[in-house]
Amino acid sequence: MRVIVDGATVDVPENATVLDAVRACGRYLPTLCYDARLSPRGSCRTCLVRAGSRIVAACTAPAAEGIAVQLDDPTAHQAARGAVELMVSELPARALEIPAERSEFVRACAHFGITASNFSGAEHDRGVDHSHPYVKLDRDLCIACGRCVAMCAEVQGTFALELTGRGFDTVVAPGDGGPWVSSPCVGCGGCVDSCPTGALSEPGLLDLRPITSTTTTTCGYCGVGCTLDVHVRDDTIAAITPAHGAPVNRGHACIKGRFAHTFIQAEDRLTAPLVRHNGQLVESTWDEALGLVAQRLAAIRDQHGPDAIAMISSARATNEENYLAQKFIRTVIGTNSIDNCSRLCHAPSAAGLTASFGLAGGTNPLDDLDHTDCILLAGANPTEAHPVVGARIKQRVLAGARLVVIDPRRTELAALADVHLQAAPGSNVAVFNGLAHLLVEEDHLDHAFLDHRTTGFDDLATLLADYPPEAVAAIADVRSADLVAAARLFGQAQHPAIVYGLGVTEHAHGTDGVRTLANLAILRGAVGTTGCCGILPLRGQNNVQGASDMGALPDVLPGYQHIAAPAIRARFERAWGRPVPERPGLRIPQMFDAALSGELRALYVIGEDIAQSDPNSGHVRAALDACEFVVCHDVFRSRTAEQASVVFPAASFLEKDGTFVNFDRRFQRVRPALAPPGHASDDFNVLQQVAQAMGADLGCPTPAAALAECASLTPVFAGLSHRRLEAEGPLHWPCPTSDRPGEAVLYLDRFATPDGKAALAARPYLPSGEQPDADFPFLLITGRRLVHYNTGSMTRRTANLELRPAETLEIHPSDAARLDITDGTDAIITSRWGQTVLTAHLTTDVAPGQVFAAFHFPTAPVNELTSPHTDTATDCPEYKVTAVHIQPVARGS
């Protein structure tokens, strides 16, 4: 469709507005109530133009073929100018003192040449609300445009804000009427980002001094992979804002990615190496630390063999750093004993998805949620752990999509669900088999897809006969009618999607859980077909997908190429100029056992606080004590660092160059906004220096060179490079050639299994490794909280700590009453493996007989309690099911 704007012709889509046409011409037009992320409302009247014979609000007026738009029409211009001038008359003078780059209102005034108002009357004097650590409200700057309210409702889906008062007194306020900090606000910052006047701001932008640089990078918190703009002033981060138009987050963010950045300035940042002398860690020089590490690793390797050394790489490090780590351990040390924390979270996803479909990643991009009509959400709480995805799911539900949630807790999305299957912990396989039974029984099947593109249906159908609704209801403690309702919603959907998380994988039979969940998508033909929405596994840490993709695993090289294949090893050996060991190395749980048995003498840990995050933490600490030599990279002096022989001071994600891979397989650029403090260094440089100190050259002088080398050896990454990512933006893998885009949707032609078909899996329900009994009658579930992340090492050093200063134990009121525990009192939680004390929080979000806690606080070491039971296929720990005993702390103790 062609539109003429001030004499210039521009082509726009059929559904375009006049404003779209104006912007397509590169022309500026004030729009104080308009945000491209929101539904247009046309209320501020500042974008008035003449379109044809009419004066229209450009943001809401549809464009028409051949229509002539005049931006300088005198009538329209005068009316729009008057609207802005009226706003100026109500605002204090400081409204025009904000730098233009931070205030749409100031830019609008400049456009119309307004420096003061010809209108006279009262100015606002309504005060401020600075109760929230991040969202600061200056009521006197509010023009009641409604953008913040719409952002909270339409994008975030929280509905925490409203416009109160009438006429001159209209102003934004939290919906509960109290101070902002006690409102339902989740701190996403969307309201701040959308506010055109500065009425809503944040601490770093209350300072009006100019920003000196802005760097676009990828968030280093969860695995969603939000694109962020990092604004720096005087070598300090002033603010972080979500990048508009970014493919994953679309100009949205969460409280962690948006605001939790002040940890980089924490007084206890490590800025120099630490070396243990006389039992104490003391600051050292790089030369001493590197020399000691090189000498001790070489001595242990030469005396006890390379398998006496193991490395735990990092899901928080870049792809290039993980690539270098696995190259170092294989070529310099000579062992395959390298693993990363995907072992503790999504190893069952890699194993299960590979067995079902052929590749170790989700099948579809996040964008495909936009056209799903039914979401099955299993074992995930994305509104807290992956908030941007949680908001996208809420948007779909509010737009009419059906929602089925399978989770032991009543989460925010469970409360919105059409059906909530509050299944007992450890019963996933039974529930998924029960849903599959109903899909088969009621013929909600894609028969053509099953006939031509799958294997294993007959074996599965035979197994499913043992899982009628009544039997599953008894196992999982759910209603059979709810199972039927859930199966029908999923079975009758035209575009069903499956989203799942650690509540599926972190079980003794987590791989079976992934396989049986994948069965549901296969039965419906919801993978590998045009218009499908597929399966999305939500990754916990920022680069847990990429760490495994890069080969930081004991049995595969980059791109999941099997270490046992001679031809694959030979290709890497030719490129690296060193032999690649043939035998698979140790997995993380095996490393700890080997340390305690004396077989493992040295452990090299990059960016993971295993002493706090890994299960059965007492066992982990004992393993660290048993090692002769422990090396650690970290940003802070973690619990693991406290047991190390040498600690290298690491850079944060805000100080690194490289790439991450997010949960839907997108390679995205990571760029440094700042230099690391003091003598801290990124993991890439540390590994290079350690190798050099040991007389080896890892090659790959830069992160770009490391990704290029990886791509040259890995067919699924062959088309990827830093240069291409800079030019084209994020790219999905597989990306086999540089002249083709990556495959956002997998398996449209064939599955990547040996026979090219999706494999249905007949997996029976088996009980969890942990079972309650008379001594340990409760089941503890672990998870995450919105404002904190992983071990809390970053978020606890920010104002997020004000919003949640300590961990609590969620317990059902009926259980609390029986145990004589009241809300806010302390309780002792004891498992077969450890003990801790938490403050009780009474809630019906957990079922009777179950309790919940997160592991973000060292003062509440929840992983002291978790068991050593692991997934039978992958050794992923069973974090989600721990039998515990609970008792109140004795009065007066």
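Since every read-out is calculated from the coordinates, none of them should be taken as a lab result. In this text, all values refer to a predicted model and were calculated from it rather than measured experimentally. Here the Cβ is made from the backbone with ideal geometry for all residues, glycine too, and neighbour counts use every protein chain on show.
Structural remarks
- Centre separation in Å (Cα based) which lies between the stretch 444-472 and the stretch 787-857: 41 Å
- Ordering 539-550, 762-773, 630-641 by mean Cβ neighbour count within 10 Å, with the highest value first, yields 539-550, 630-641, 762-773.
- Whichever lysines have a C-alpha closer than 20 Å to that of Lys394, once near sequence neighbours (fewer than 8 apart) are set aside: Lys256
- Hydrodynamic radius by Kirkwood, which averages 1/r over all alpha carbon pairs of the stretch 347-537, in angstrom: 16.2 Å
- In the chain, the DSSP-assigned H stretches of four residues or longer account for a calculated mean residue ellipticity at 222 nm of -8000 deg cm²/dmol, using -39500 (n - 2.57) per stretch and the full residue count as denominator.
- Peptides ranked, highest mean first, by Cβ atoms within 10 Å: ranges 555-567, 394-406, 348-360: 348-360, 394-406, 555-567
- By average C-beta atoms within 10 angstrom, highest first, the peptides 605-617, 526-538, 284-296, 705-717: 605-617, 526-538, 705-717, 284-296
- DSSP beta bridges in the chain [antiparallel fraction, %, rounded to 5]: 60 percent
- Candidate lysines for bridging to Lys327, where Cα separation is under 20 Å - those fewer than 8 sequence places away on the same chain excluded: Lys656
- Local charge for Leu228 was computed over the other residues whose Cβ lies under 15 Å away, with Lys and Arg +1 and Asp and Glu -1, and equals +3.
- Translational diffusion coefficient (Stokes-Einstein; Kirkwood radius from C-alpha pairs) of the stretch 2-93 at 25 °C, 0.890 mPa s, in µm²/s: 184 µm²/s
- Taking a ≥ b ≥ c as the square roots of the eigenvalues of the Cα gyration tensor, the stretch 625-733 is classed as prolate, since a/c reaches at least 1.5 and a/b is larger than b/c.
- Placed amide H near Thr882: partners under 5 Å, 5+ positions off or other chain: Leu780
- Close amide H contacts of Gly769 (hydrogens built in the peptide plane, cut-off under 5 Å, sequence separation of 5 or more or a different chain): Ala508.
- Selection from Leu780, Thr791, His869 lying farthest towards where the dipole of the stretch 752-893 points positive, charges on Cβ: Thr791
- Computed over all pairs of different Cα atoms, the Kirkwood value for the hydrodynamic radius of the stretch 118-265 is 16.1 Å.
- Remark: the stretch 347-537 carries a charge dipole of roughly 440 debye about the Cα centre, counting +1 on each Lys and Arg Cβ and -1 on each Asp and Glu Cβ.
- Integer Hz, Karplus 6.51/-1.76/1.60 couplings in order for the stretch 782-792, x for Gly and Pro: 10, x, 10, 10, 4, 8, 10, 9, 6, 7, x
- Rounded to the nearest whole Hz, the Karplus-based 3J(HN,Hα) values (6.51 cos²θ - 1.76 cosθ + 1.60, θ = phi - 60°) of the stretch 424-434 follow the sequence 4, x, x, 9, 3, 4, 4, 5, 5, 5, x, with x at glycine and proline.
- One decimal place: the segment Leu416-Asp6 gains 142.8 nm when fully extended, by the rule 0.36 nm per residue minus the C-alpha distance.
- Pairs of Cα atoms nearer than 8 Å and 6+ residues apart set the relative contact order; for the chain it is 13 percent.
- Measure of compaction for the stretch 563-621 (Cα Rg per 2.2 N^0.38 Å): 1.48
- In a simple Cβ point-charge model (Lys, Arg +1; Asp, Glu -1; nothing else charged), the chain has a dipole of about 1140 debye relative to its Cα centre.
- Computed over the stretch 778-888, the alpha-carbon pair-distance distribution with 5 angstrom bins reads 2, 13, 23, 23, 19, 13, 6, 2, 0, each value a whole percent.
- Neighbour-count order for Phe105, Phe449, fewest beta carbons within 10 angstrom listed first: Phe449, Phe105
- Of every Cα-Cα pair in the chain, the percent that sits beyond 55 Å: 14 percent
- The convex hull of the Cα atoms of the stretch 497-610, projected and averaged over all directions, covers 10.3 nm².
- Working value for the stretch 262-302: equivalent-ellipsoid semi-axes of 26, 12, 9 Å, each the square root of 5 times a Cα gyration tensor eigenvalue, largest first.
- Centroid-to-centroid separation of the stretch 507-543 and the stretch 625-693 [C-alpha atoms, Å]: 32 Å
- Our coupling estimate for the stretch 809-818, obtained by passing each phi through the Karplus curve with A = 6.51, B = -1.76, C = 1.60 and θ = phi - 60°, is 9, 7, 9, 5, x, 5, 5, 4, 5, 5 Hz, Gly and Pro reported as x.
- The value obtained for the stretch 657-718, namely the Cα convex hull volume divided by the number of residues, is 104 Å³ per residue.
- Of interest is the spacing of the C-alpha centroids, which for the stretch 26-93 and the stretch 188-218 amounts to 25 Å.
- Per residue, the Cα convex hull of the stretch 327-373 amounts to 124 Å³.
- Semi-axis lengths (Å, descending) of the ellipsoid that matches the C-alpha gyration tensor of the stretch 264-372: 36, 22, 11
- Ordering Thr505, Pro703, Val84 by Cα displacement along the dipole of the chain toward the positive end leaves Val84 in first place; charges were set at the Cβ atoms of Lys, Arg (+1) and Asp, Glu (-1).
- Charged-residue dipole, Cβ positions (Lys, Arg, Asp, Glu), the stretch 560-614 about Cα centre, Debye nearest 20: 440 debye
- Amide hydrogen neighbours beyond the local backbone of Ser831, cut-off 5 Å, H modeled: His885
- Each of Gln771 and Ala299 was given a label point 7 Å from its Cα along the Cα-to-Cβ line. The distance between the two points is 5.0 nm.
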